Amino acid sequence: MNLQFDDTIVALASAPGSSAAGIIRISGDDIVPCLSTCFESTSEWQSSRRSERHSGQLRLTDSDLCLPGTLYYWPTARSFTGQPLAEFHTVSAPPLLESAIENLGSHGARMARPGEFTLRAFLAGRVDLVQAEAILGVIDAYDHEELNLALSQLAGGVSTRIAQARMNLLELLSELEAGLDFVEEDIEFIDRDTLVSRLHDIRTFCEKLYDDSSHRMESTGTLTVVLAGLPNAGKSTLYNTLVGDAQAALVSDVAGTTRDYLVTSLEWEGQSIHLIDTAGMESGKHGVSLSAQDFRREQIAQADLVIWCTAADIDSELKSKDQIQRDQLSAEQNVIIVKTKSDLSSEPLKNTSFPDCDVMLSATQGVGIEALKNLILTRLTEYHRGSKFLIGSTASRCRESLRSASQSMQAAEEAATLRMGEELVAIEICDALQHLGQIVGQVYTDDILDRIFSKFCIGK
């Protein structure tokens, strides 16, 4: 890749085809001669040293016709690309826009390559690689959640946190190297407990980003909801009610009827959901029961949300076991607690009768089902949004760097904990800095830039 970007580039920045407005973007250190020839305006905008807006016309190729519109001009390095930049906004008419671009091209501008405007912004330090990828994420977002995630990444949310982690590592490195300079005087610039604590915090952050990137690689946009509970807790009846099919799962008063797990795909208010009914939690010893429990554990571990079902008429001997299982699951997973079979309870149908549950319901009578659906959607939205930091393309590129950074941080923390030589801790910190630098673009190669910006469309 040629990283010399002194020439003037031009492209259509709005979507191709007919629309309410069209935008032509031009950037380069010498855009004034090109624009002054093609843009007709009574304003002396060429001498402006600040961002301005001017009304005027853009001359078309081989024609006396001009395209009226508004020129937005950023003459300094404070523009998006870090060099003089202009955008011409007008009514969208594809043939006229193409003719105007041809005219600019005949006066010193060349057609921009895919992603070249954003690439120039990156090379000028206006955005880092994570933010550059977020621009493409905004364009490609398929729902509001993806759009909000891309906008958050573009605004620098994760970049700021990575930059802070790198700054903290640089401070630790400087203190360790200062100690090495005075090793004969036995001066300690940072005590080991503080060093271990700060390394642990940074390692936790790297591991959280790595886990997020791994999940983004596996995510399909469909969330998984798993029904769990002790045997005969009403899971299958609730499953049939939620999927709208009374015969979807076998229902019986005999505990342990469900041995396999059932999956149904649902669409609730635009959200795709896999609803899974699992076997009840029990300690069977025969092969079928053991296999059923393995399936159950696997599905719960991968779930975005677990609905724990406790029967309102649960046997007093099972209450303690139910509580233990429920508490253990709540400590590890996103869980909704429901009291099923409320029509069989001698207590009034109120949550106050069971203060430790989120929803009281009777699947057979349809009571509480809508409340449960609303709570499921709310919890999925909150949990899914709160656990995401990276858009898919960034997660794919950064996953290996995050894994390596986490490993280096773990090695540094272990070396500090074991009170090994400070030079060994410093080496691992340097490795972690290298990997984090690759994520934001402090360290990059031409093939990385080619791979990222080749995905952009022309004009971005």
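Here Ala178 meets each of (1) modelled with pLDDT under 80; (2) crowded, with 17+ Cβ neighbours inside 10 Å with one exception, condition (2).
Does Glu133 qualify as being among the charged types (D, E, K, R), under 12 Å from Arg25 (Cα atoms) and buried (at least 20 other Cβ atoms within 10 Å of the Cβ)? Criteria not met by Glu133.
Test Ser272 against the stated conditions and say whether it is modelled with pLDDT of 70 or more and of a type in the set (Ser, Thr, Tyr). Yes; evaluated as a whole, the condition is true for this residue. Taking segment 83-131, which residues are under 20 Å from Gly69 (Cα atoms) and of a type in the set (S, T, N, Q)? Result: Thr90, Ser92, Ser99, Asn103.
Residues in segment 112-127 that are crowded, with 21+ Cβ neighbours inside 10 Å, part of a loop (DSSP other than H, G, I, E, B) and within 24 Å of the chain's Cα centre (by Cα): Gly115, Val127. Scanning segment 415-430 for residues that are farther than 13 Å from Leu173 by Cα and outside any loop (DSSP other than H, G, I, E, B) gives Ala415, Thr417. Of all the listed residues (Ala415, Ala432, Ala405), the sole one being more than 18 Å from Gly157 (Cα to Cα), in contact with a Phe, Trp or Tyr (Cβ under 9 Å, 6 or more places away or on another chain) and buried (at least 20 other Cβ atoms within 10 Å of the Cβ) is Ala405. Kindly establish whether Gly105 is touching a residue at least 24 places away in the same chain (Cβ under 8 Å) and on the phi > 0 side of the Ramachandran plot. Spelling it out, it is not the case that Gly105 is touching a residue at least 24 places away in the same chain (Cβ under 8 Å) and on the phi > 0 side of the Ramachandran plot.
Could you list, in sequence order, all residues of segment 92-106 that are surrounded by 16 or more Cβ atoms within 10 Å (Cβ to Cβ) and in a loop (DSSP other than H, G, I, E, B)? Across segment 92-106, the qualifying residue is only Ser92.
Taking the conditions (1) outside any helix (DSSP H, G or I); (2) under 30 Å from Thr445 (Cα atoms) in turn, His89 satisfies each one other than (2).
Checking each residue in segment 191-230 for being outside any helix (DSSP H, G or I) and modelled with pLDDT of 85 or more picks out Thr224, Val225, Val226, Leu227, Ala228, Gly229, Leu230. Is one or more of the residues making up segment 137-148 closer than 30 Å to Leu380 by Cβ and either among the aromatic types (Phe, Trp, Tyr) or in a strand (DSSP E or B) (or both)? Yes, segment 137-148 contains a residue that is closer than 30 Å to Leu380 by Cβ and either among the aromatic types (Phe, Trp, Tyr) or in a strand (DSSP E or B) (or both). Count of segment 336-391 residues, restricted to those that are modelled with pLDDT under 65 and not hydroxyl-bearing (Ser, Thr, Tyr), is 12.
The values are calculated or read from the model by the stated rules, or taken from the named source; none is laboratory data. Bear in mind that the values here come from a model prediction, so they are computed numbers and not experimental data. Cβ: placed from backbone, ideal geometry, glycine included. Neighbour counts: every protein chain shown.
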